[in-house]
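Colleague: To start, I am sharing the structure in question, which I have written as C-alpha cells.
The values are calculated or read from the model by the stated rules, or taken from the named source; none is laboratory data. Worth saying up front: this structure is predicted, and the values here are computed from it rather than measured. Cβ coordinates were reconstructed from backbone atoms using ideal geometry, including for glycine residues, and neighbour counts include every protein chain displayed. Surface accessibility is based on the protein's heavy atoms, side chains included, excluding ligands, DNA and RNA. Shrake-Rupley method; radii C 1.70, N 1.55, O 1.52, S 1.80 Å.
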Amino acid sequence: INDFSYLHTNCFELSIYVGCDKYPHESELPEEWENNRESLIVFMEQVHRGIKGIVKDVHGKGIPSAVISVEGVNHDIRTGK
C-alpha cells in the first residue's frame, strides 16, 4: 500500500523492520528499542529536510490541486485542499 499511497495520494508512508522477526515477543521490545533508538530518532529528524511550503494565489489564498513539478524528478505532486 505504501507505493500506491505515494503514487496516487502523495502520502509518503514507510514500513520499517528493525530485525528478522516481524512480531517480536513483548519481552524483546526494550532491547530492540535500545539497539535501534538512535538511528530511528535520526531518521525521524530527516522529515525536516527538503522543500516545503504553501502554494498561494495573488490574494494569499491556498490553491487546491496545484501541480508541483521538480526538474529531474519524474513524479509531480498536487497540493491538498
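Colleague: Please go through the range 40-66 and give me each residue that is exposed (fewer than 10 other Cβ atoms within 10 Å of the Cβ) and either of a type in the set (Gly, Ala, Ser) or within 18 Å of residue 7 (Cβ to Cβ) (or both), ordered by number.
Modeller: Within the range 40-66, 50, 53, 60, 65 qualify.
Colleague: Only residues in the range 31-57 that are closer than 21 Å to residue 15 by Cβ count as the first member; pair them with residues that are in a helix (DSSP H, G or I) and open to solvent by less than 100 Å² (accessible area, probe 1.4 Å), Cβ under 9 angstrom, at least 6 apart or cross-chain, and list the lot.
Modeller: Matching pairs, first to second residue: 33/40.
Colleague: Report every pair of residues separated by at least 6 positions or lying on different chains whose Cβ atoms are under 6 Å apart, first residue within the range 60-75 and free of Cβ contacts under 8 Å to residues at least 24 places away in the same chain, second basic (Lys, Arg) and in a loop (DSSP other than H, G, I, E, B).
Modeller: 64/81
A quick yes/no check of all residues on (1) assigned to a loop (DSSP other than H, G, I, E, B); (2) of a type outside the set (D, E, K, R); (3) open to solvent by 100 Å² or more (accessible area, probe 1.4 Å); (4) within 17 Å of residue 81 (Cβ to Cβ):
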position	(1), (2), (3), (4)
6	no, yes, no, no
24	yes, yes, no, no
29	no, yes, no, no
35	no, yes, yes, no
